[in-house]
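Taking it in order: structure first as structure tokens, then the write-up.
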Amino acid sequence: MGSNSCLNFAITHHCVYLSPSFSPKSKLHNPNPNHNQFLLSRSSFIPIATSSFALHSNHTLSHPRSKKLPLRNAPNFYVAASAKAEPLKVMISGAPASGKGTQCELITQKYGLVHIAAGDLLRVEVAAASENGKRAKEYMEKGELVPDEIVVMMVKERLLQPDSQEKGWLLDGYPRSSSQAAALEDFGIHPDIFILLEVPEDNLVERVVGRRLDPLTGKIYHLKYSPPESEEIASRLTQRFDDTEERVKLRLHTHHQNVEAVLSTYKDITVKAGMTNFSGWLISG
Ligand code: ADP
């Protein structure tokens, strides 16, 4: 919810490279400051190292500085991480309602990655009322982390499935503890880039509490900022059981602890996308 431009990134040889592009229109077309637009300032351009060519996820070579980025409704940024002629492996982390879901959708579409969300894998188990699902639900209801013995194997198996191996993956909501990060490292699974979305906490609670899902179309609404188009849609909207104020505060607290715990593992490949006071994102390495 809330962000409608895709974070762009590519792999280059031995460097991390950020290159925002800018579209003034996006600012004008953002009627609601609570909804992120990925507006980047030129000052956020941070070349950590330079490289002549970039290997993009579609395996074409291009010059990072001359590459014309495909702008959608708002500006993009361009990040390049360590070079490997392999499918792209991306991790993304962001607080509830930080715009992570939208970014995941846009990134997976754009780069053809398999989207793997730990929360979704767990919800499938909960819905199936499996043994793991029943145990997981107890923790999810409290906004606490589900124990590693349930989550780690679930995620690892999904990452190793043929589609993820062939297309690359975007892992969302995992790892959330140092032990989860260590488990993946032990399995030899290491991402090319770790994207951290940072949104002020004040905005997040309001967004979460008003968030609703249309179970028919999968579309996410916000009762105040993105209301349903008709009474018919409004009447069928559902709310995630943990999208209440009490639970979101717990989830935010847990989220901050989780991020702190995993950042050290990925510090060399972390890119932070922080919201600015003009409703955009400021990128830092
Ligand atoms: P949120 O971003 O609000 O946490 P998710 O769908 O990612 O939403 O996760 C919902 C719940 O699933 C979490 O509150 C937590 O209980 C559980 N969960 C998700 N990912 C993990 C994980 N990597 N490790 C342990 N528990 C997890």
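The values are calculated or read from the model by the stated rules, or taken from the named source; none is laboratory data. Remember, it's a predicted structure, so these values are computed and weren't measured experimentally. Here the Cβ positions follow ideal geometry from the backbone for every residue, glycine too, while neighbour counts run over all protein chains shown. Keep in mind that these areas ignore ligands, DNA and RNA; they rest on the heavy atoms of the full protein, side chains included. Shrake-Rupley method; radii C 1.70, N 1.55, O 1.52, S 1.80 Å.
Points to keep in mind about this one:
- Taking first residues from the range 231-251 that are in a helix (DSSP H, G or I) and partners that are at pLDDT 90 or above and loosely packed, with under 14 Cβ neighbours inside 10 Å, the Cβ contacts under 7 Å between residues at least 6 apart in sequence or on separate chains come to Arg236/Pro215; Arg236/Leu216.
- Across the range 73-92, the qualifying residues are those that are open to solvent by less than 20 Å² (accessible area, probe 1.4 Å) and modelled with pLDDT of 60 or more, and the one among them that is nearest to Asn203 (Cα to Cα) is Ile92.
- Among residues of the range 112-126, those that are open to solvent by less than 30 Å² (accessible area, probe 1.4 Å) and under 19 Å from Gln165 (Cβ atoms), counted: 5
- The one condition in (1) touching a residue at least 60 places away in the same chain (Cβ under 8 Å); (2) within 11 Å of the ligand (Cβ to nearest atom); (3) open to solvent by 20 Å² or more (accessible area, probe 1.4 Å); (4) hydroxyl-bearing (Ser, Thr, Tyr) that Tyr139 fails to fulfil: (1)
- Each residue in the range 221-243 was checked for being under 20 Å from Arg207 (Cα atoms) and open to solvent by 50 Å² or more (accessible area, probe 1.4 Å), and 11 of them qualify.
- In the condition set (1) over 17 Å from the mean Cα position of the chain (by Cα); (2) within 15 Å of the ligand (Cβ to nearest atom); (3) open to solvent by 70 Å² or more (accessible area, probe 1.4 Å); (4) of a type in the set (Asp, Glu), Asp268 is compliant with all but (2).
- The range 152-178, subset of a type in the set (Gly, Ala, Ser) and closer than 27 Å to Gly274 by Cβ, residue farthest from the ligand (Cβ to nearest atom): Gly168
- If the condition is being more than 13 Å from the ligand (Cβ to nearest atom) and of a type in the set (Phe, Trp, Tyr), then the range 210-264 contributes Tyr221, Tyr225.
- Any hit, the range 105-122, residues being basic (Lys, Arg), within 16 Å of the ligand (Cβ to nearest atom) and under 29 Å from Arg211 (Cα atoms): no
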